[in-house]
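What follows is one structure encoded as C-alpha cells, with my remarks underneath.
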Amino acid sequence: MASKAECDKYAAMLLQRFEEYTKWAIANWPNKNFPLMESDFAASHRELSEILGPKLSEGEEKPASEESDRGQYRDVTPMPWP
C-alpha cells in the first residue's frame with residue numbers, strides 16, 4: 001500500500017499535468033472564432049477532484065445550489081428557447 005506522501009505527490013503531479021494540459025489545449029485550439037476557456041474544463045476538474053478525493057478538494061466548497069435540497073438528482077436539461 002502506498003504511503004500518504006506518495007499519494008499526495010501523485011495527486012499534486014496529476015493536478016499539475018491537468019493544468020498544463022488545459023493551458024496547452026487553450027493555446028493550441030484551432031478554432032479561433034470559438035476559443036476554449038478555462039471554464040470549459042471546470043467539469044473535468046471536479047471529476048478529477050472526485051477521483052483523487054480530499055487531496056485536491058481541500059478548501060474547495062461546492063456551491064450551495066449543488067448541495068441544496070435536490071437530493072441525488074441534478075437537473076441537467078437546458079432551458080428551452082423563448
If a residue must be open to solvent by less than 100 Å² (accessible area, probe 1.4 Å), among the polar types (S, T, N, Q) and not in a helix (DSSP H, G or I), how many such residues does segment 1-49 contain? 2
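For segment 19-38, give me the residue count where each residue is of a type outside the set (A, V, I, L, M, F, W, C) and closer than 20 Å to SER49 by Cα.
6
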Taking segment 50-79 and keeping residues open to solvent by 80 Å² or more (accessible area, probe 1.4 Å) and either in contact with a strand residue (DSSP E or B) (Cβ under 6 Å, 6 or more places away or on another chain) or modelled with pLDDT of 75 or more (or both) leaves GLU50, ILE51
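The values are calculated or read from the model by the stated rules, or taken from the named source; none is laboratory data. Source: prediction; values computed, not measured. With ideal geometry, Cβ positions are generated from the backbone for all residues, glycine too; neighbour counts draw on all protein chains shown. With ligands, DNA and RNA removed, areas are computed over all heavy atoms of the protein, side chains included. Shrake-Rupley method; radii C 1.70, N 1.55, O 1.52, S 1.80 Å.
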